[in-house]
Amino acid sequence: MSIGTGIFLSATLLAIVILFAVTKDRWNWKSITKWGLLAPIACVALLSSGIYLYSLWEGRPTPQVTFNEIRLGATSADVKFAMGEPTSMDGPDRWIYDVRTGAERQDVAVYLIQFKEGRIRYILYTASESQIVNPYLLGFTLGASYQDVEEKLGQPSHLTNSTDELDRMFSYDKLNVFFSFKKGRAIAYGMYQPADGPMKFRDEAAGSAPSK
């Protein structure tokens, strides 16, 4: 503590003592002391509550309208402009983009885009286990547990099981997102158009990719 600070605190304390001595017969110092302590505590509590409630509101899940910088409902021309020619195609309405990373380009991430009547029906992301960096969707990435997804997003609007019952897919209509799980962990996720119906497995025997 500096000398100036010590002098200031000493003067403040002396002023309070003098004020008490002069007014002790006229002022209710018990009430003054009580409110002098309670008021700051109440202000701190209200401020802390406000900050906490704001953080909850700010972190609430909101409907997703873009994924990998592609807007929901974008046309095939929009996708080609943003991502280039697809790596391969499974029919005219199902485009596959492979993204290879790593020193030897062995890590593979895949964006699967399904169109319906010329516009995106869904865009799905998955990747090999060696892929380290993956995009986040509502705070989740590959490997997220289904318990964590349910805890944050609530019960899905639709739940689909693969035929072998090894995979499950959660669809959230109000958020425009879906997650596919195997062994309780996310192996794929993405954004879809709820107006076209919930997501379903395309190859129900393998349970590997959605249809529609």
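FYI, it's all coordinate maths here, none of it is from the lab. Just so it is clear, the model here is predicted, and its values are computed rather than measured. Positions of Cβ are backbone-derived with ideal geometry, glycine not excepted, and every protein chain shown enters the neighbour counts.
For R100, R121, the sequence from fewest to most other C-beta atoms within 10 Å is R100, R121.
Are any of the pairs K174/K200; K116/K183; K80/K174 more than 22 Å apart by Cα-Cα distance, and if so, which?
K116/K183; K80/K174
Mind running the shape call on the range 66-196? Use the C-alpha gyration tensor, a ≥ b ≥ c as the square roots of the eigenvalues: rounded below 1.5 for a/c, prolate if a/b tops b/c, oblate otherwise. Cα axes put the range 66-196 in the oblate bin.
For E85, neighbours were defined as the other residues whose beta-carbon sits under 15 Å from its Cβ, and their charges (Lys and Arg +1, Asp and Glu -1) total -1.
The peptide list 89-97, 123-131, put in order of mean Cβ contacts within 10 Å with the highest first, becomes 123-131, 89-97.
From least to most packed, judged by other beta carbons within 10 angstrom and beginning with the fewest, Y136, Y146 follow the order Y136, Y146.
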